[in-house]
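Take a look at the structure below.
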Number of protein chains: 2
Amino acid sequence: MSAPKEDRRAKLVEAGLAILREDGLAGFTQLRVAARVDLKQGHLTYYFPTRTDLLVAVARSAIDTQLASLERMINEATSIDGAIAAIAAVTVRHENTRVLVAMNQASDQEPEVRALFNEMTDAFVAKLGELLTRFGLDASQDRIDLLHALFVGLSVVDLATSRENGKARNSAALATAFRLLT
Amino acid sequence: MSAPKEDRRAKLVEAGLAILREDGLAGFTQLRVAARVDLKQGHLTYYFPTRTDLLVAVARSAIDTQLASLERMINEATSIDGAIAAIAAVTVRHENTRVLVAMNQASDQEPEVRALFNEMTDAFVAKLGELLTRFGLDASQDRIDLLHALFVGLSVVDLATSRENGKARNSAALATAFRLLT
DNA sequence: GTCTATAGATAGATAGAC
DNA sequence: GTCTATCTATCTATAGAC
């Protein structure tokens, strides 16, 4: 038994996410998302009546991906150095940062997205707390917030500046942070 | 002797900056900028032939404002606690963060803006270095980068989440960072 | 129920009026 | 040199065809 409707919805969400990855929120139009799965723009609105409806669905999906990836990273990290390397690698993955920045922007405009974004932030912060305790470090709120903001800031700055030595600089900053936190 | 042309250009740039502060890059259209100074959209293009031309001029102006404000803050801070309070206050000033985020976005698309943004980032980082040395702290690249990313991250997260206790959390994270850096 | 053709709004750029 | 009317492209939403 096939569920063509849910199938298409899923495909549209995936297409929307891909566009956020490539071009950010500016490129996120109904026309482009629909075209990517060979549908008419007007047809997309049958599945998602408004642009916001689609955006919320995409945001939900992005959050799942984001948290799952962080979870995996935490579980796989066997040493602090390993964790630092893994986090640094994510900070220079521009497709990833573009999605975060897009959600950030959308949050500033659409309350529905903001609610989702806040949820994600809380979950993200919680997982960073786990990471700290996992390595026997004090996981107080201020220290977790520090780590979280550091991750966000490094990602955002690297996206905008596109320095060649971005990864090295981010690694160094993260290493210093973890050393200080120890 | 009046210079009406330069006058209008300045007014348009100021209007553009105001719109970035209020609505971010999404609200930055030629129509809205022109309307704010009672000009026709088409007339705006006489002063700034393309949207990018205007955006670059606005970005340049925003950078000047941004750096001047940081400079002032550094000079006025008499203690580390004072500096922390001043920085925390800026991180929750959403109009300010919106402009930074807008430039960040624009940098991801327009090379001209990226060059400017990189300039600003370098100047910003240099000034943060001054701040550290001013209080007798080691100002190595990794530590400055840490502080810079922390500032950016706290600002961006606060804009998206709009927590009521945002300022307190940011202050706490900053205090912890400075304590560790000491 | 599924999809398309079209409407209506707004974007940016330009030719040409004054 | 200064400004406006207009053109084309592109966006989202909807009425209605199948």
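Only the coordinates and a few stated rules stand behind these numbers; no lab work does. Computed from a prediction, not measured in an experiment: that's the story for all the values here. Cβ placement follows ideal geometry from the backbone for every residue including glycine, while neighbour counts extend to all protein chains displayed.
If you model the protein assembly as shown as an ellipsoid using its alpha carbon gyration tensor, with each semi-axis the square root of five times an eigenvalue, the axes come out at 33, 31, 16 Å, biggest first.
Just round it to a whole percent: the fraction of Cα-Cα distances in segment B:32-117 exceeding 20 Å.
Pairs farther apart than 20 Å: 49 percent.
How tilted is helix B:166-181 with respect to the longest principal axis of chain B? Cα atoms for both, answer in degrees (0 to 90, nearest 10). Approximately 50 degrees, to the nearest ten. Seen from all directions on average, segment B:1-65 presents a Cα convex hull projection of 4.4 nm².
With 10 Å bins beginning at zero, the pair-distance distribution over Cα atoms of chain A amounts to 9, 34, 31, 18, 7, 1 %.
What does the helix-only formula give at 222 nm for the protein assembly as shown: each DSSP H stretch with n ≥ 4 adding -39500 (n - 2.57), the total divided by the residues, and the result rounded to the nearest 500 deg cm²/dmol?
Result for the protein assembly as shown: -27500 deg cm²/dmol, rounded to the nearest 500.
Within a straight-line Cα-Cα reach of under 18 Å, A:Lys11 can be paired with the following lysines, leaving aside sequence neighbours fewer than 8 residues apart in one chain: A:Lys40. Relative to the longest principal axis of the Cα atoms of chain B, helix B:94-109 runs at roughly 70 degrees. Using alpha carbons only, how many degrees (0 to 90, rounded to 10) separate the axis of helix A:4-23 from the longest principal axis of chain A? Taking the Cα atoms of chain A, the angle to A:4-23 is about 50 degrees. Between A:Arg8 and A:Ala168, the contour length at 0.36 nm per residue exceeds the Cα-Cα span by 53.5 nm.
Put in order of Cβ neighbour count within 10 Å, fewest first, the listed residues B:His43, A:His94 become B:His43, A:His94.
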